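Structure, as structure tokens:
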Amino acid sequence: MADVAERQESDPIGAARLGLTRALRPIFAQVFVLSSGVNLIALVVPIFVLQVYDRVIVHAGLTTLEGLVAGVFIALLFDQLLRQLRSRLLQRASLLIDAKLGSRVFGKLLALPLAELEARPNAFWQALFRDLETVRNTAGGAIAVLLCDLPFALLFLAVVFVIAEPAAWVLLVALPLFIGLAWWSGRSVRAAGNIEQRATAMRDTLIGDIVAGRATVKALGMAPSLRANWEARHAGAMRAAIERGRRADRFGNISFGLGAAVTVALTTVGALAILDQRLTIGALVAANLLAARVVAPFHQLVGSWRALVGYRQARSRLREVLALPEDRFESEVQFGRPRGDITLEDVAFHYRGAAKPVFAGIHCTFGHPGLHAIVGRNGSGKSTLLKLLLGLYRPTSGRVLIDGSDIAQFGRRDLNEWIGYLPQESVLLQGSVRRNIEAGRSNVPDETLIRAAQLAGVHSMIADMPEGYGSDVGEGGARLSGGQRQRIALARALLGDPPILLLDEPTANLDRRAEQDLRDALATLSRERSIIVVTHSAAILGICQTVSVLDGGRIAAGPAAEMLPRLYTAAAPARSA
């Protein structure tokens with residue numbers, strides 16, 4: 001058992017797959033047993049026809065006919081019962097896939113490192129849940145039944161050999177043709193489907209951008225140009241969809257024609273065998289019925305091959321994501337509350353695929369307590385540096401230390417408790433003000449919540465709302481102004497009284513009065529905390545103990561009294577120009 005546990009721990013996707021397989025194996029074993037019963041009962045009707053033609057009609061056996069009819073109806077009742085049971089089992093399998101795999105994929109999405117999430121577009125992560133639907137619908141739908149029925153096509157072929165050997169050779173020749181057609185169909189339709197998927201993703205990405213920036217679109221009158229862009233992308237998606245549908249229809253029509261040709265050929269060969277007295281009429285009719293059961297699964301396979309290929313691709317993408325390394329959530333050893341000294345030791349960082357590093361070996365220390373500013377031109381890496389300090393990014397080389405301990409050893413739970421973070425773009429989730437300040441924390445006392453709001457200077461604004469802390473902020477905080485969203489996000493960062501605060505342009509959406517209030521609050525908070533703020537606000541810079549200037553992947557840091565005159569002197573020519 002220990003060896004199995006070790007293997008599962010070292011191979012998370014193997015462990016995930018093992019857990020789902022164990023849960024689904026009994027269900028699909030029962031589905032196969034029920035499918036076996038359904039397919040065996042399917043032999044009843046051809047045998048009934050054979051007996052009616054060759055015995056009842058020839059010998060006028062009405063009593064035999066009554067017995068055969070009664071037996072067939074009993075068999076059909078059992079057939080309906082087995083089909084209903086099979087459908088319920090497949091529904092249970094679908095629910096199990098949704099419950100287990102869906103929960104695992106969502107949990108994985110939350111546990112992945114930020115750099116991994118940013119390495120792929122949003123459309124990729126949204127498509128994962130469409131992949132989940134593909135896996136669920138394939139494993140718990142008609143294709144699962146088809147795969148259970150395919151082996152029994154050989155049984156029906158064997159029965160045709162027993163009752164009508166001359167006609168059986170027609171089926172034996174036709175089956176490889178159906179298999180080849182299914183493979184060709186899958187390859188051709190898959191290529192067209194990939195093109196359609198890319199075209200649809202480009203169109204949907206544009207729609208997402210328009211919805212996200214709807215205020216800007218309206219204000220700047222961008223509708224005409226965006227409409228032309230959308231129409232071009234939509235036309236591309238439509239052309240790709242039509243081409244994919246045309247190929248699918250073509251192969252479906254070929255398959256239908258091949259099936260009809262098999263029926264004609266089988267009947268012709270059977271008729272010649274009857275004339276040679278090597279076959280009876282009843283055997284030929286029964287062989288035609290059985291031939292339909294032989295051909296039907298392969299005919300369905302031609303239409304379902306693309307779905308099977310899509311299932312394999314979806315499963316492959318899910319496996320790839322589930323195998324990605326996760327953020328450490330829990331620390332190996334529980335540390336106490338840190339003092340708040342932060343040090344960067346020869347830290348270098350570059351984004352995946354980027355040729356030029358953002359930082360190239362920077363050294364800096366932010367002491368406790370104190371208010372420390374980071375300044376620099378746009379694109380100099382200020383926000384990236386905060387994410388390194390927060391542990392959201394891992395340095396390419398070098399270390400980030402908290403109180404002399406490498407931040408890499410700490411889990412996200414500890415870092416989230418120790419470090420309050422205000423991002424440059426304050427994102428709120430639809431729900432109440434309270435839920436947004438709590439940010440997933442449970443059992444937060446009212447006094448703690450109110451204290452954080454007071455420190456952020458937002459309590460009076462919230463109290464003035466008709467529903468107070470229960471007020472709905474709207475989608476993405478749309479019911480609030482930019483400054484209100486900024487303050488609520490700041491209250492969220494202050495909740496829990498963290499010893500370290502990282503603030504990215506906290507005055508970006510504040511008016512002069514609110515900026516002054518924030519300045520006073522930061523001055524008070526910095527007496528007991530380490531606060532690192534990315535800002536160009538003169539009001540905030542004026543109360544900072546140190547200022548760090550980022551430029552060209554390097555950092556120059558020093559006391560504010562020394563750095564600010566140099567900074568303003570360097571900026572003066574640019575302003576006068």
Inset, instruction - Sort out which residues of the stretch 308-326 are touching a Ser or Thr at 6+ places or on another chain (Cβ under 9 Å), of a type in the set (A, V, I, L, M, F, W, C) and surrounded by fewer than 18 Cβ atoms within 10 Å (Cβ to Cβ), and write them in order of number. - result: LEU308
Legend entry - Selection from the stretch 393-410 of residues that are within 29 Å of ALA508 (Cα to Cα) and open to solvent by 40 Å² or more (accessible area, probe 1.4 Å): ARG394
Legend entry - Qualifying position, being more than 30 Å from LEU154 (Cβ to Cβ) and in contact with a His (Cβ under 8 Å, 6 or more places away or on another chain), among ARG203, ARG239, ARG244, ARG227: ARG203
Inset, instruction - Test ARG293 against the criterion of being within 30 Å of VAL45 (Cα to Cα) and open to solvent by 60 Å² or more (accessible area, probe 1.4 Å), and give yes or no. - result: yes
Legend entry - Test: ARG104 is out of contact with any strand residue (DSSP E or B) (no Cβ under 8 Å at 6 or more places or on another chain) and in contact (Cβ under 8 Å) with a residue 40 or more places away in the chain: yes
Inset, instruction - Can you give me the number of residues within the stretch 159-169 that are open to solvent by less than 20 Å² (accessible area, probe 1.4 Å) and either among the charged types (D, E, K, R) or assigned to a helix (DSSP H, G or I) (or both)? - result: 3
Legend entry - Criterion: of a type in the set (Gly, Ala, Ser) and over 30 Å from ARG413 (Cβ atoms) - qualifying residue of ALA111, ALA153, ALA119: ALA153
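Looking at ALA232, ALA237 in this structure, which one is free of Cβ contacts under 8 Å to residues at least 40 places away in the same chain and in a helix (DSSP H, G or I)?
Every option except ALA232 fails the conditions.
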Inset, instruction - Evaluate the stretch 435-444: report whether one residue or more is modelled with pLDDT of 85 or more and over 27 Å from the mean Cα position of the chain (by Cα). - result: no
Inset, instruction - Residues being over 22 Å from ALA42 (Cβ atoms) and either surrounded by 12 or more Cβ atoms within 10 Å (Cβ to Cβ) or not charged (D, E, K, R) (or both): count how many of those fall in the stretch 65-79. - result: 0
Inset, instruction - May I ask you to list pairs of residues, at least six apart or on different chains, whose Cβ atoms are under 7 Å apart, with the first in the stretch 377-402 being within 12 Å of PHE359 (Cβ to Cβ) and among the hydroxyl-bearing types (Ser, Thr, Tyr) and the second being open to solvent by less than 40 Å² (accessible area, probe 1.4 Å) and assigned to a loop (DSSP other than H, G, I, E, B)? - result: THR384/VAL358; THR384/TYR393
Inset, instruction - Test LEU386 against the stated conditions and say whether it is under 25 Å from LEU518 (Cα atoms), part of a loop (DSSP other than H, G, I, E, B) and among the aliphatic types (A, V, I, L, M). - result: no
Inset, instruction - Could you please give the count of residues in the stretch 260-283 that are open to solvent by 20 Å² or more (accessible area, probe 1.4 Å) and in a helix (DSSP H, G or I)? - result: 13
Inset, instruction - Collect the residues in the stretch 333-359 that are touching a strand residue (DSSP E or B) at 6+ places or on another chain (Cβ under 6 Å), on the phi > 0 side of the Ramachandran plot and surrounded by fewer than 21 Cβ atoms within 10 Å (Cβ to Cβ), keeping them in residue-number order. - result: ASP346
Inset, instruction - Hey, could you check the stretch 460-503 for residues that are acidic (Asp, Glu) and within 32 Å of the chain's Cα centre (by Cα) and say which is modelled with the lowest pLDDT? - result: GLU475
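Conditions (1) of a type outside the set (Lys, Arg); (2) open to solvent by 70 Å² or more (accessible area, probe 1.4 Å); (3) at pLDDT 85 or above; (4) more than 30 Å from VAL309 (Cβ to Cβ), marked per residue:
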site: LEU171; (1), (2), (3), (4): yes, no, yes, no
site: SER185; (1), (2), (3), (4): yes, no, no, no
site: VAL189; (1), (2), (3), (4): yes, no, no, no
site: VAL211; (1), (2), (3), (4): yes, yes, no, yes
Legend entry - Candidate set: the stretch 504-520, residues that are in a loop (DSSP other than H, G, I, E, B) and at pLDDT 85 or above; chosen: the one least open to solvent (accessible area, probe 1.4 Å): PRO506
Inset, instruction - Scan the stretch 523-538 and give yes if some residue there is of a type in the set (Gly, Ala, Ser), in contact with a Cys (Cβ under 7 Å, 6 or more places away or on another chain), touching a residue at least 60 places away in the same chain (Cβ under 8 Å) and surrounded by 14 or more Cβ atoms within 10 Å (Cβ to Cβ), otherwise no. - result: no
Inset, instruction - Select from the stretch 213-229 the residues that are assigned to a helix (DSSP H, G or I) and either touching a residue at least 60 places away in the same chain (Cβ under 8 Å) or surrounded by 13 or more Cβ atoms within 10 Å (Cβ to Cβ) (or both) and list them in ascending order. - result: VAL217, LEU226, ASN229
Inset, instruction - Out of the residues in the stretch 360-372 that are closer than 14 Å to SER548 by Cα and not in a loop (DSSP other than H, G, I, E, B), state the one that is most open to solvent (accessible area, probe 1.4 Å). - result: HIS363
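The values are calculated or read from the model by the stated rules, or taken from the named source; none is laboratory data. Not measured: the values here are computed from a predicted model. Cβ: placed from backbone, ideal geometry, glycine included. Neighbour counts: every protein chain shown. Protein only, heavy atoms only, side chains kept; ligands, DNA and RNA dropped before computing areas. Shrake-Rupley method; radii C 1.70, N 1.55, O 1.52, S 1.80 Å.
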